[in-house]
């Protein structure tokens, strides 16, 4: 009988990890600064770790500044996955989270994330591409206020 578990494990070992920032990734929890992700010391502490996942310098700067990025869907070795252009878009959903102490006082969109997202999606639409969107905090109606 074929060892399915070993086959699955071997297949998964080639996949790249695409992280997203969450509301419990800081201390105190739910305290992601809305002006810049770098203003939270935890972001700077994680930079060397995240660099292994976000190897594009421009996207790493965007993540360090604002907590979001977009990268092509690839294996660890850099080969693209999928038949069309596919991008993984990791959003900083903390800007909409009403339990984030910073956003309770004033809603803003650091780094124009929503405008950036619109541009990302329009570019994918032009090439019949696909977006895989990641976010940690489920936004119900919080981004509509």
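Filtering the range 51-77 to residues that are within 14 Å of residue 16 (Cα to Cα) and touching a strand residue (DSSP E or B) at 6+ places or on another chain (Cβ under 9 Å) leaves 53, 54, 55, 56, 70, 71, 72, 73, 74, 75, 76.
Against the conditions (1) modelled with pLDDT of 75 or more; (2) surrounded by fewer than 16 Cβ atoms within 10 Å (Cβ to Cβ), residue 20 satisfies every one except (2).
Residue 30 satisfies every condition listed in (1) surrounded by 18 or more Cβ atoms within 10 Å (Cβ to Cβ); (2) at pLDDT 80 or above except (2). Residue 54: in a loop (DSSP other than H, G, I, E, B), crowded, with 17+ Cβ neighbours inside 10 Å and either on the phi > 0 side of the Ramachandran plot or at pLDDT 80 or above (or both), yes or no? In short, yes.
The values are calculated or read from the model by the stated rules, or taken from the named source; none is laboratory data. Nothing here was measured: the structure is a model prediction, and the numbers come from that model. Virtual Cβ from ideal backbone geometry, glycine too; neighbours counted across all protein chains shown.
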